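The values are calculated or read from the model by the stated rules, or taken from the named source; none is laboratory data. If you're wondering where the values come from, they're calculated on a predicted model, not measured in any experiment. When we count neighbours, we look across all protein chains shown, and the Cβ atoms used for this are built from the backbone with ideal geometry, even at glycine.
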């Protein structure tokens, strides 16, 4: 009986007396919903060497609590002070629109953009009659009316509060309905510790772990890799329906951009419990984040480094060489290496390069922001951000002569056994006197196709090109993909131009003349191609006429190791005779191996032959600047595996840049150089090299 009374009393106490306490406590605890940031997929080279990875970082979020506006503003300023003290950055979407120096100023916005931003219901949601184009007036409106910031704070302090209040404003629906709004990412352990220790001073501020992007020694791969950066307003408007938030990081260039849909993971969900003071009491993962897919590239990072180092070293050597029409102004270049049997890009370098990791830094990193500014300011001079391999066009010079040979052979103007043309040093074509560059007085005399390619005799190809005709030259150049986008899986590829009757009419409103055809035949006039196009054309000569679509993405791999997508080689078979390929190959081999070959010096001591062609092309600026130096080749000549195109801006001669191709061949085939070519020269430190 007594025992029964004890049980009844205990139940009464739990349900009635203590129950009221439990109900009160539970009402003080608030559940908040948030996202778990999904890790971005890794980017690896063809052998699995990591290029872009993720590390664990810490982020600060804010959830709604019962504090007043005045208390929130004071707390946010205190948080800003803490982050600044520890050298941490924070989310700052407001600075994309309104900056504070002092004074307040709009961030490179047109009047329409200013109006659209202020009236946008997802931004400031102002009425049309409230719109102002005076940044000081808008600053005052935000300070006094929108965010009600205490007048005791300075304008600088007010702006720091505005930055956080703006993040809450543009995420207002999420914030008001119990969601979490990010305020700072990749903060230090010192900041996390202080937030936890002084949590009563930061009501509603909670810490979370999340992945942080990291690039590993990527100076050489910068243009292929690209970089991620905060989504801009245009991108957000385009992608918000796909689940992007206005503070997301998104691929802006390179593979980070072209493979964005694969690299981006699917965020998870988390429920956090906070007490009435905004302190985190419990965290429950309701849906795990799904990592993005890994992207495996076709690139060999070791070969990249060799190509970049050789390019830098040889540019310096050329700059210090006083021979020939050299103004000592060589300064930039590019090298592309293709697998001739698949179109896979093994190497693609553009010099000078930059460190893409600077774009991962926050606005508080003054050094990184200064480097970004310098890159932008220097863009017109050095174009370090430009991927020259696919975004810059160059006249091919004499490297085009193999196309002229193909066109002449396929049209029957010459044959593999009957192809002699006499070089007399000068020729009168279409009312113009044209000269042999090497022997303008007496000429080379009778030359076969092999001899014409070997010595790169202009008169041989003037004559051959005029006999062949511009229509055939244009037809075969287009067949080899010159003057057209290759379709590579990288953004912002340019098409270049191939000379034609129609193009001259469009550009100059003039008729076509025989002298124009002569110029086209040696790679001048309107001929202008990317290094990738030149490498791909060379690969097509090497593999018997298969024009592959180049690619840098080898495969896409899910986080569990399964292959989501693998790039299968695709090509167009050109209608070429085997005898045409063989005749052109014979001449290209002579370029690198015969005593009169224009590039024979660079390829001594190899255990196999290389088929190559040198080129020198005047720049559009004409006098006062050195010509560009170009070299193309494939190797081995009898069993081709790789094709290479190298260009050095103002590199003077193709023979000057051929040593870059030799260094690449030595590395790819595991050969030891027969001598220490240019070993005593050290490259000038490239701009923006980390």
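Against the condition surrounded by 15 or more Cβ atoms within 10 Å (Cβ to Cβ), out of contact with any strand residue (DSSP E or B) (no Cβ under 8 Å at 6 or more places or on another chain) and part of a helix (DSSP H, G or I), how does residue 70 come out, does it pass? So residue 70 fails the test. Looking across region 491-500 at every residue that is touching a helix residue (DSSP H, G or I) at 6+ places or on another chain (Cβ under 6 Å) and without any contact (Cβ under 8 Å) to a residue 60 or more places away in the chain, the one that is surrounded by the fewest Cβ atoms within 10 Å (Cβ to Cβ) is identified as 500.
Restricting 256, 238 to those that are in the same structural domain as residue 96 (by TED's automatic domain parsing), free of Cβ contacts under 8 Å to residues at least 60 places away in the same chain and part of a helix (DSSP H, G or I) reduces the list to 238.
Before we move on, is residue 261 surrounded by fewer than 22 Cβ atoms within 10 Å (Cβ to Cβ) and modelled with pLDDT of 95 or more? Yes, satisfied. Report whether or not residue 332 is under 28 Å from residue 361 (Cα atoms), touching a residue at least 24 places away in the same chain (Cβ under 8 Å), crowded, with 19+ Cβ neighbours inside 10 Å and assigned by TED's automatic domain parsing to the domain that holds residue 184. When the stated conditions are applied, residue 332 does not pass them.
Residues that are assigned to a loop (DSSP other than H, G, I, E, B) and under 25 Å from the mean Cα position of the chain (by Cα) do occur in region 642-654.
Is one or more of the residues making up region 412-424 within 16 Å of residue 524 (Cβ to Cβ) and in a loop (DSSP other than H, G, I, E, B)?
No: region 412-424 contains no residue that is within 16 Å of residue 524 (Cβ to Cβ) and in a loop (DSSP other than H, G, I, E, B).
Selection of region 264-285 for residues being surrounded by fewer than 17 Cβ atoms within 10 Å (Cβ to Cβ) and within 25 Å of the chain's Cα centre (by Cα) yields only 266.
Evaluate region 70-89: report whether one residue or more is touching a helix residue (DSSP H, G or I) at 6+ places or on another chain (Cβ under 8 Å) and farther than 29 Å from residue 279 by Cα. No, the conditions are met nowhere in region 70-89.
For region 380-396, taking the residues that are modelled with pLDDT of 95 or more and not in a loop (DSSP other than H, G, I, E, B), the one that is nearest to residue 626 (Cα to Cα) is identified as 394. Per the listing 405, 357, the residue uniquely over 23 Å from residue 493 (Cβ atoms), touching a strand residue (DSSP E or B) at 6+ places or on another chain (Cβ under 8 Å) and not in a loop (DSSP other than H, G, I, E, B) is 357. Test residue 384 against the criterion of being buried (at least 19 other Cβ atoms within 10 Å of the Cβ), closer than 20 Å to residue 490 by Cβ and out of contact with any strand residue (DSSP E or B) (no Cβ under 7 Å at 6 or more places or on another chain), and give yes or no. Here the answer is yes, as residue 384 does meet what is asked.
Residues that are in contact with a strand residue (DSSP E or B) (Cβ under 8 Å, 6 or more places away or on another chain) and surrounded by 23 or more Cβ atoms within 10 Å (Cβ to Cβ): list the strands (runs of 3 or more DSSP E) wholly contained in region 550-607 that include at least 1 such residues.
Correct list: 553-557.
Just one of (1) modelled with pLDDT of 95 or more; (2) part of a loop (DSSP other than H, G, I, E, B); (3) more than 30 Å from residue 42 (Cα to Cα) fails for residue 203. It is (1). When residue 639 is tested against the conditions (1) assigned to a loop (DSSP other than H, G, I, E, B); (2) touching a helix residue (DSSP H, G or I) at 6+ places or on another chain (Cβ under 9 Å); (3) at pLDDT 95 or above, the lone failure is (2).
Selection of region 453-506 for residues being under 22 Å from residue 612 (Cα atoms), over 31 Å from the mean Cα position of the chain (by Cα) and not in a helix (DSSP H, G or I) yields 456, 457.
I need a count of the residues in region 608-626 that are assigned to a loop (DSSP other than H, G, I, E, B) and surrounded by 24 or more Cβ atoms within 10 Å (Cβ to Cβ).
Taking region 608-626 first, the residues assigned to a loop (DSSP other than H, G, I, E, B) are 608-610, 618-626.
Imposing the further condition that a residue be surrounded by 24 or more Cβ atoms within 10 Å (Cβ to Cβ) reduces the set to 610, 626.
Going through region 608-626 one residue at a time, the tally reaches 2.
Looking at 533, 519, just one residue is assigned to a helix (DSSP H, G or I), surrounded by fewer than 24 Cβ atoms within 10 Å (Cβ to Cβ) and either in contact with a helix residue (DSSP H, G or I) (Cβ under 7 Å, 6 or more places away or on another chain) or modelled with pLDDT of 95 or more (or both), and that residue is 519. What are the residues in region 425-447 that are in a strand (DSSP E or B) and touching a strand residue (DSSP E or B) at 6+ places or on another chain (Cβ under 9 Å), if any? Residues satisfying the conditions are 426, 427, 428, 433, 434, 435, 445, 446, 447. For region 311-318, the condition of being modelled with pLDDT of 90 or more, touching a helix residue (DSSP H, G or I) at 6+ places or on another chain (Cβ under 8 Å), outside the structural domain of residue 218 (by TED's automatic domain parsing) and under 30 Å from residue 569 (Cβ atoms) holds for at least one residue.
Looking only at region 91-105, count how many residues are part of a loop (DSSP other than H, G, I, E, B) and surrounded by 14 or more Cβ atoms within 10 Å (Cβ to Cβ). Residues meeting the conditions: 3.
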